[in-house]
Structures are given as structure tokens and as C-alpha cells.
Amino acid sequence: MALPPHRKPDSSPPAPAGKGVAPQRTSLSGPDYLDGQFLVAMPGMADERFARSLIYVCAHSADGAMGIIVNKAATDISMPDLLVQLDVAPEADAIRLRERVGHMPVLMGGPVEGRRGFVLHTDDFHIQQSTLIIDDGICLTATVEILRAIASGEGPASAVLALGYAGWQAGQLESEIMANGWLNCPADPALIFNADLDAKYELVLRANGIDPAMLSMTAGRA
């Protein structure tokens with residue numbers, strides 16, 4: 001889905017959604033790939049855009065990687081406002097939407113394609129041929145139909161919407177990890193959907209036995 005300034009979302013018929021046939025997993029995984037893991041920005045992270053970022057890796061292969069920052073809020077936009085802006089729901093439903101989805105954060109998912117939306121969600125919902133199973137009950141969907149389902153109360157049990165994503169070319173992420181830019185560790189689904197964005201960074205460090213105050217430029221891999 002996208003947020004064009006003067007163009008409505010695609011009006012083509014939506015794909016079937018709900019709890020029918022489970023989607024196939026299409027991501028590339030292997031012993032050296034980090035699909036379904038967290039990346040935690042270390043003090044050695046050279047790119048200030050990712051300082052104190054917590055990223056959930058959605059896809060990783062020999063060709064590169066893609067992930068969503070899950071602890072930084074998008075500025076000046078709320079979920080109810082976004083649903084109205086995309087014509088997913090009428091403006092008259094704004095009060096109802098605030099009660100239903102006002103708690104759902106809109107994330108700054110990364111610097112790539114910042115006007116494109118991605119929904120990370122639990123695996124109790126899918127859109128055929130559009131939902132990607134990642135790992136441990138977490139899925140990714142990037143079509144406006146999932147927002148329609150969320151607005152109507154028929155969406156997944158837990159979800160976060162991110163605008164944009166983080167991307168790496170072949171070998172780039174591996175180089176950044178070796179340079180102590182990132183710590184990779186198992187992902188906690190509860191942290192992905194935790195609405196307290198400011199707490200996520202320290203929570204994931206402490207969950208992996210790291211005192212945030214003791215971080216140094218020489219932090220290694222998990």
C-alpha cells in the first residue's frame with residue numbers, strides 16, 4: 001500500500017482474506033540468514049538514521065535483506081487519520097476508529113519508500129498471494145485490504161503499520177554486523193507489537209543479558 005499525495009489507493013478487487021488456506025512461506029532462509037530475528041543498533045552504527053533502532057528482519061538471502069524498524073514512530077500521523085486519508089474508512093467514522101485502532105502505532109519503518117505501508121501482524125489473518133509468513137507466527141502484508149479488515153474489526157489480533165523499510169544490498173548487512181553496527185538476536189513477538197516504543201530498545205537488550213549502560217564500541221554478535 002502507498003500514501004500518494006493526490007492519488008487514491010488501488011481500487012482493484014481485494015484478494016480473499018481471513019483464516020482459510022494458510023499462505024505459503026516464500027522468504028529465503030538458511031543457517032546463515034536472519035529472517036525473523038531482531039537487529040539491535042550498537043554504538044558502532046555509523047548511520048545516524050538507525051541510532052538506537054530495533055529492526056525486525058523480514059527477508060534475508062544472498063541477494064540482500066529487508067526489515068522494519070519497530071521502535072520509532074512516524075511523525076504527525078495516527079492510525080485513524082491514516083485510514084481516513086487512504087479512503088479506507090469515511091471521516092464520519094473517525095470517533096469509532098479512534099476507539100478501535102487509536103492504540104495501534106504507525107511506525108517509521110525505514111528510509112526506503114517512506115510512503116509505502118507495511119503491516120506486521122500475527123498469523124491469524126492472511127490475504128492470499130499477498131501475505132508473507134516470516135517466522136514464529138509473524139506475517140507481513142503490504143496491501144490496503146488488510147487496513148480495510150483492521151478498520152472493520154476483522155483484522156489480525158495484533159498488528160503494527162510501518163511506513164517505509166530498511167534495505168541492504170548483497171553482503172551489506174553482513175559487513176555492518178562484522179563492523180559491530182548491529183547485534184542480531186532472537187525476536188520476541190510481544191516486543192514487535194508492544195505499543196511502548198521508547199521502551200523496546202532497552203527491553204530487548206536486557207532480555208539478552210545486556211546492560212544498556214555497559215554498551216561499548218566493541219559489542220559483538222549474539
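The values are calculated or read from the model by the stated rules, or taken from the named source; none is laboratory data. None of the values given here were measured: they were computed from a predicted structure. Note that each Cβ is placed from the backbone with ideal geometry, even for glycine, and that neighbours are counted across all protein chains shown. We work out accessible area using only protein heavy atoms, side chains counted, and drop any ligands, DNA or RNA first. Shrake-Rupley method; radii C 1.70, N 1.55, O 1.52, S 1.80 Å.
Please specify each residue of segment 149-176 satisfying the condition of being over 14 Å from the mean Cα position of the chain (by Cα), under 20 Å from A187 (Cβ atoms) and open to solvent by 30 Å² or more (accessible area, probe 1.4 Å). Reasoning before the result, please.
Within segment 149-176, the first condition is being over 14 Å from the mean Cα position of the chain (by Cα), and the residues that meet it are 149-157, 168-176.
Narrowing the set further to residues that are under 20 Å from A187 (Cβ atoms) leaves 156-157, 168, 173-174, 176.
Listed by number, the residues that qualify are A157, E174, E176.
Determine which single condition I146 fails, assuming it passes every other condition in (1) surrounded by fewer than 18 Cβ atoms within 10 Å (Cβ to Cβ); (2) farther than 18 Å from Y56 by Cα; (3) in contact with a Gly (Cβ under 8 Å, 6 or more places away or on another chain).
(1)
As an exercise: evaluate G137 against (1) within 24 Å of Y201 (Cα to Cα); (2) in contact with a Gly (Cβ under 7 Å, 6 or more places away or on another chain) and give the number of the one condition it does not meet.
(2)
Kindly indicate whether I138 is more than 23 Å from R52 (Cβ to Cβ), open to solvent by less than 20 Å² (accessible area, probe 1.4 Å) and β-branched (V, I, T). I'd like the intermediate steps shown before the answer.
Numbers: more than 23 Å from R52 (Cβ to Cβ): no; open to solvent by less than 20 Å² (accessible area, probe 1.4 Å): yes; β-branched (V, I, T): yes.
In short, no.
Out of Y33, Y56, which single residue is open to solvent by 10 Å² or more (accessible area, probe 1.4 Å), closer than 23 Å to M178 by Cα and hydroxyl-bearing (S, T, Y)?
Details: Y56 fails: open to solvent by 10 Å² or more (accessible area, probe 1.4 Å).
Among Y33, Y56, only Y33 is open to solvent by 10 Å² or more (accessible area, probe 1.4 Å), closer than 23 Å to M178 by Cα and hydroxyl-bearing (S, T, Y).
Please count how many residues of segment 115-127 are farther than 22 Å from A187 by Cα, surrounded by fewer than 19 Cβ atoms within 10 Å (Cβ to Cβ) and modelled with pLDDT of 90 or more. Walk me through it before giving the result.
Going through segment 115-127, the residues farther than 22 Å from A187 by Cα turn out to be 115-116, 127.
Checking the rest, the ones that are also surrounded by fewer than 19 Cβ atoms within 10 Å (Cβ to Cβ) come to 115-116.
So of that shortlist, the ones also modelled with pLDDT of 90 or more come out as 116.
Of the residues in that region, 1 qualify.
From I69, I95, I77, grab the single residue that is out of contact with any helix residue (DSSP H, G or I) (no Cβ under 6 Å at 6 or more places or on another chain), under 23 Å from C185 (Cβ atoms) and of a type in the set (V, I, T).
Details: I95 fails: under 23 Å from C185 (Cβ atoms); I77 fails: under 23 Å from C185 (Cβ atoms).
Answer to the check: I69.
Sort through T143, T131 and tell me the only one that's out of contact with any helix residue (DSSP H, G or I) (no Cβ under 9 Å at 6 or more places or on another chain), touching a residue at least 12 places away in the same chain (Cβ under 8 Å) and among the hydroxyl-bearing types (S, T, Y).
Result of the check over T143, T131: T143.
Taking the options P90, P80, P111, P105, name whichever one is over 30 Å from S175 (Cβ atoms) and in contact (Cβ under 8 Å) with a residue 60 or more places away in the chain.
Numbers: P90 fails: in contact (Cβ under 8 Å) with a residue 60 or more places away in the chain; P80 fails: in contact (Cβ under 8 Å) with a residue 60 or more places away in the chain; P111 fails: over 30 Å from S175 (Cβ atoms).
Just one listed residue meets the conditions, P105.
Can you give me the ranges of the strands (runs of 3 or more DSSP E) entirely in segment 1-101 with at least 2 residues that are within 15 Å of L147 (Cβ to Cβ) and either modelled with pLDDT of 85 or more or touching a strand residue (DSSP E or B) at 6+ places or on another chain (Cβ under 8 Å) (or both)? Before you say what the answer is, go through the steps one by one.
Numbers: elements: 37-41, 54-61, 64-69.
Output list is empty.
Just for segment 59-80: of the residues that are crowded, with 23+ Cβ neighbours inside 10 Å, out of contact with any Ser or Thr (no Cβ under 7 Å at 6 or more places or on another chain) and among the β-branched types (V, I, T), which one is nearest to G117 (Cα to Cα)?
I68
From (1) part of a strand (DSSP E or B); (2) more than 22 Å from H60 (Cα to Cα), pick out the condition that doesn't hold for R116.
Tallying (1) part of a strand (DSSP E or B); (2) more than 22 Å from H60 (Cα to Cα), R116 fails exactly one: (2).
Quick one: how many residues across segment 81-95 are loosely packed, with under 14 Cβ neighbours inside 10 Å and either under 15 Å from S152 (Cβ atoms) or in contact with a Pro (Cβ under 6 Å, 6 or more places away or on another chain) (or both)?
3
Answer yes or no as to whether I133 is open to solvent by 40 Å² or more (accessible area, probe 1.4 Å), touching a strand residue (DSSP E or B) at 6+ places or on another chain (Cβ under 9 Å) and aliphatic (A, V, I, L, M). Don't jump to the end; show me each part of the working.
Working: open to solvent by 40 Å² or more (accessible area, probe 1.4 Å): yes; touching a strand residue (DSSP E or B) at 6+ places or on another chain (Cβ under 9 Å): yes; aliphatic (A, V, I, L, M): yes.
Spelling it out, I133 is indeed open to solvent by 40 Å² or more (accessible area, probe 1.4 Å), touching a strand residue (DSSP E or B) at 6+ places or on another chain (Cβ under 9 Å) and aliphatic (A, V, I, L, M).
Taking the residues in segment 180-196 that are of a type in the set (G, A, S) and either at pLDDT 90 or above or in a strand (DSSP E or B) (or both) as candidates, determine which candidate is farthest from G36 (Cα to Cα).
The first filter runs over segment 180-196 and keeps only residues of a type in the set (G, A, S), leaving 181, 187, 190, 195.
Then keep just the ones that are either at pLDDT 90 or above or in a strand (DSSP E or B) (or both); that gives 181, 187, 190.
Numbers: G181: 19, A187: 6, A190: 13 Å.
So, considering only residues that are of a type in the set (G, A, S) and either at pLDDT 90 or above or in a strand (DSSP E or B) (or both), the one farthest from G36 (Cα to Cα) is G181.
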